[in-house]
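Below is one structure, written out as structure tokens, with a few remarks after it.
Bear in mind these aren't lab numbers, they're just calculated from the coordinates by the rules spelled out. Computed from a predicted model, the values in this text were never measured in an experiment. Cβ coordinates were reconstructed from backbone atoms using ideal geometry, including for glycine residues, and neighbour counts include every protein chain displayed.
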Amino acid sequence: MRIAKMVSAVDCHAGGEPGRVIVGGVQNVPGETMFAKMRYLATERDDLRRRMLREPRGYPGLCCNLLLPPTDPAADAGFVIMEQTEYPPMSGSNTICVTTVLIELGMVPVQEPITELLLEAPAGLIRVRAAVRDGKVTGVTFENVPAFVAHLDAAVEVPGLGSVAVDIAYGGMFYVIIEAAAVGLQLTPDEGRDIVRLGEQIKAATREQWPVVHPEQPEISGVTIAQFSAPPTQPDAARKNTVII
């Protein structure tokens, strides 16, 4: 049997959020930086993202990551994130999945009980600490790229909702953050359909009415993710939230 194209990948998840990690079968991607490699994939090789995320190989909730040699000599590995609608410069759950696969497949030197890595995402360098026991990753924490607030209490006019107060902030991608109660949500599982509908409405309106551009990376622009925030239901938690990508 002749195989025209083979890509090797490992399916992983971070707290239930699936993140596929490509570990072989894709040649090095042109670009002097990981951000440039991300742009090349988006403009010249988007077929890879579609092949990995759409049926029959993918499904709507899946994200994908392409492991690449780092362009920064200080980094242990690089990766580009591919999601259903975009190439985000940074993603927390995908960083956790990449870290887990690198360690559990023995692709980086492993130290127990803590393995520290420096990963190169398109947004910049991410310092990672992974708890490891018997070769298995039991937890991952990371230091993200610098975050900043673009707008606080910005008024967004949303069709059917009226004026909604939102915050707009950057943490690897631009978020619009909404107090759930302000739009009648408590962030319970039965509200899933309304959460998605309202999140997409607010996200679209925010993109149109409040354009944002990263001050150091002008190619990163526009709100691409919505986050609803609510009081916690668990006593040891600070907040409860959900995101709409």
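Scanning the chain for cysteines with no neighbouring cysteine C-beta under 4.7 angstrom from their C-beta gives 63, 64.
Taking a straight Cα-Cα cut-off under 15 Å and skipping sequence neighbours fewer than 8 places away in the same chain, the aspartates and glutamates within cross-link reach of residue 240 are 179, 191.
Compared with the direct C-alpha span, the chain from residue 84 to residue 213 gains 44.2 nm at full extension, assuming 0.36 nm per residue.
Any idea what angle helix 34-44 forms with the longest principal axis of the chain, computed on alpha-carbon atoms, 0 to 90 degrees, nearest 10? Its long axis makes an angle of about 80 degrees. Cross-link partners for residue 5 among the lysines, with Cα-Cα distance under 25 Å and sequence neighbours closer than 8 places in the same chain left out: 37. Are there any trypsin sites (Lys or Arg not before Pro) in the stretch 2-33 that are in a DSSP loop and have at most 13 other Cβ atoms within 10 Å? List them by number. Within the stretch 2-33, the qualifying trypsin sites (Lys or Arg not before Pro) (loop, at most 13 other Cβ atoms within 10 Å) are 2, 5.
Seen against the Cα atoms of the chain and their longest principal axis, helix 192-209 is set at about 80 degrees. Only helical runs count toward this figure. For the chain, summing -39,500 (n - 2.57) over DSSP H runs of n ≥ 4 and dividing by all residues gives -6500 deg cm²/dmol at 222 nm. Per-residue Karplus couplings for the stretch 100-117, computed as 6.51 cos²θ - 1.76 cosθ + 1.60 with θ equal to phi - 60°, are listed in order as 4, 5, 4, 6, 6, 8, x, 7, 9, x, 10, 10, 9, x, 10, 10, 10, 10 Hz, Gly and Pro entered as x. Translational diffusion of the stretch 120-221 was estimated from the Stokes-Einstein equation, with Rh taken as the Kirkwood radius over Cα pairs; at 25 °C and 0.890 mPa s the coefficient is 153 µm²/s.
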